[in-house]
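Structure record follows, encoded as structure tokens.
The values are calculated or read from the model by the stated rules, or taken from the named source; none is laboratory data. These figures come from a predicted structure and were not determined experimentally. Positions of Cβ are backbone-derived with ideal geometry, glycine not excepted, and every protein chain shown enters the neighbour counts.
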Amino acid sequence: MIPLVVLGGLILLIIPGIIWAVRFSFSFYIVVDTKVGPVIAMKESYAITKGKFWKLLLFWIVVGLVNLLGLICLGVGLFVSVPVTTLASVYVYRWLSQRKAGLLQTASPQAA
């Protein structure tokens, strides 16, 4: 009985959390790039990541592993891995935003 409860908790809490983390992972970049509010940025992030979930999940796993490797290198490797993975995530954001969802043009006059 207990393993079923643990499995249910895993399905109800962790898996949606991973899905939301991937889908909303570019919200911060959108706020900084376009100076829109957080709700619009989350909608835009959700829209630009549509259909790319598995590729983005793999990307974020690789980013985590590269940073873990930097940490394993006595922490000094983080001086290289964090800037490299940050630039990689900005590159992915730029690539995704090229095929904009179109929410920013209608939602905010500042984005134009």
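Within the stretch 77-101, being free of Cβ contacts under 8 Å to residues at least 40 places away in the same chain and among the small types (Gly, Ala, Ser) holds for Gly77, Ser81, Ala88. Kindly check whether there is at least one residue in the stretch 49-58 that is touching a Cys at 6+ places or on another chain (Cβ under 9 Å) and at pLDDT 95 or above. No: the stretch 49-58 contains no residue that is touching a Cys at 6+ places or on another chain (Cβ under 9 Å) and at pLDDT 95 or above. Of the residues making up the stretch 61-99, those that are surrounded by fewer than 13 Cβ atoms within 10 Å (Cβ to Cβ), of a type outside the set (A, V, I, L, M) and closer than 20 Å to Ile30 by Cα are Pro83, Thr86, Tyr91, Arg94, Trp95, Gln98, Arg99.
Kindly provide the set of residues from the stretch 8-25 that are under 20 Å from Ser89 (Cα atoms) and among the hydrophobic types (A, V, I, L, M, F, W, C), ordered by number.
Ile18, Ile19, Trp20, Ala21, Val22, Phe24, listed by residue number.
Every residue in the stretch 26-76 that is closer than 15 Å to Val90 by Cα, in contact (Cβ under 8 Å) with a residue 60 or more places away in the chain and outside any helix (DSSP H, G or I), please. Hit for the stretch 26-76 is Phe26, nothing else.
Looking at the stretch 41-60, which of its residues are more than 12 Å from Phe26 (Cα to Cα) and not basic (Lys, Arg)? Of everything in the stretch 41-60, those that are more than 12 Å from Phe26 (Cα to Cα) and not basic (Lys, Arg) turn out to be Gly51, Phe53, Trp54, Leu57, Leu58, Phe59. Just to be sure before I move on: is Leu4 in contact (Cβ under 8 Å) with a residue 24 or more places away in the chain and part of a helix (DSSP H, G or I) in the structure I sent? Criteria not met by Leu4.
The residues on offer are Ile18, Ile30, and the sole one that is touching a helix residue (DSSP H, G or I) at 6+ places or on another chain (Cβ under 9 Å) and buried (at least 17 other Cβ atoms within 10 Å of the Cβ) is Ile30.
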